[in-house]
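Trainee: Starting off with a structure, shown below.
Where a number appears in this text, it was derived from the coordinates with a stated rule and is not lab data. Only a predicted model underlies this, so the values are computations on that prediction, with no experimental measurement involved. Neighbour counts are summed over all protein chains in view; Cβ atoms, including those assigned to glycine, are modelled from backbone coordinates with ideal geometry.
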Amino acid sequence: MADRLTAKAALGTALSGVLAGVLISIGGTVNLSIENRVLGACFFSIGLFFVVSMRLWLFTGKVGWLCRHGMTYAVQLLLTLAGNFAGTLCVALLLRQTRTADGLVQRAAELSAAKMTDSLPSLFVLALFCGVLMYLGVSGFQTFDSAPGRYGAVFLAVTVFILSGFEHCIANMYYYSMSGVWGDGRAWLTMAVMVLGNAAGSVITAEGCRLSQKLLE
């Protein structure tokens, strides 16, 4: 990767981040629309399926490789996070104008309230384990040769983190935007903790795997 991020690359990263945020929001929407938790978790995976297939920049799918790159990559991650947020916000604002808004807002408000009233250490730990799964899912997609293995890794990572109650910061950006809680400072604080937790889980897993492989050589 180049030492300096060009304006073209920065714009491309941000736009890719917006698109990834839109796709995760679509997955979040179907999750809010289905009462059955298992089915909701399964269909939520559509978002990550297309993110990895189209090689889009999703913060939780890219942050695990932070320690393997320089400052340029760190800047791209910040642009990605901003783009992901913009994408989730746009989808939420648009869907709030539709006939499905009442049900989506009600369900999103319930989820948001549970997160915003949780303790910060609890949110961090739940986000950390989501980060672990996100790294494994994306890394598995990149590593496995067969299509079943690649997409199976994505599917399992997504369904397991949802059914386990782990916290995914980008999905939660969508839920917070849908429920309209950004006016509360607690929303920003909890979101920051979840971003850090996702990042920590992904980086720890990535670097732990790399270290173990080196020690076994």
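Trainee: Loop-only check: which chymotrypsin sites (Phe, Trp or Tyr not before Pro) in the range 161-217 are DSSP coil with at most 16 other Cβ within 10 angstrom? Mind showing how you got there, number by number?
Mentor: Numbers: sites: F161, F166, Y174, Y175, Y176, W182, W188; in loops: F166, W182.
Of the chymotrypsin sites (Phe, Trp or Tyr not before Pro), the ones in loops of the range 161-217 whose Cβ has at most 16 other Cβ atoms within 10 Å are W182.
Trainee: Please quote Rg/Rh for the chain to two decimal places, taking the Kirkwood radius as Rh and restricting both calculations to Cα atoms.
Mentor: Numbers: Rg = 16.7 Å, Rh = 17.3 Å.
Reported Rg/Rh, Kirkwood definition of Rh: 0.96.
Trainee: How far is helix 147-163 tilted off the main Cα axis of the chain, in degrees rounded to 10, range 0 to 90?
Mentor: With rounding to tens, the tilt is 50 degrees.
Trainee: Given only helices, namely DSSP H runs of n ≥ 4 each adding -39500 (n - 2.57), what is the per-residue ellipticity at 222 nm of the chain, to the nearest 500 deg cm²/dmol? All intermediate terms of the calculation are to be shown ahead of the outcome.
Mentor: Values: 10 runs with 172 residues, N = 217.
Calculated from helices alone, the mean residue ellipticity at 222 nm is -26500 deg cm²/dmol.
Trainee: Another one. Using alpha carbons only, how many angstrom separate the centre of the range 4-52 from the centre of the range 140-217?
Mentor: Centre-to-centre (Cα) distance: 12 Å.
Trainee: C67 to Q106: FRET efficiency via 1/(1 + (r/R0)^6), r the Cβ-Cβ distance, R0 45 Å, to the nearest 0.05? Mind showing how you got there, number by number?
Mentor: Numbers: r = 41 Å, r/R0 = 0.91.
Given R0 = 45 Å and the Cβ-Cβ separation, E is 0.65.
Trainee: Please work out the FRET efficiency for the pair L196 and R99, using the Cβ-Cβ distance as r and a Förster radius of 35 Å; give the result to the nearest 0.05. Show your work: numbers first, answer last.
Mentor: Details: r = 37 Å, r/R0 = 1.06.
With R0 = 35 Å, the Cβ-Cβ based efficiency is 0.40.
Trainee: Can you tell me, using C-alpha contacts under 8 Å and at least 6 residues apart, the relative contact order of the range 7-216 as a whole percent? Let's see the in-between values first.
Mentor: Numbers: 327 pairs, mean separation 62.1, N = 210.
It rounds to 30 percent for the range 7-216.
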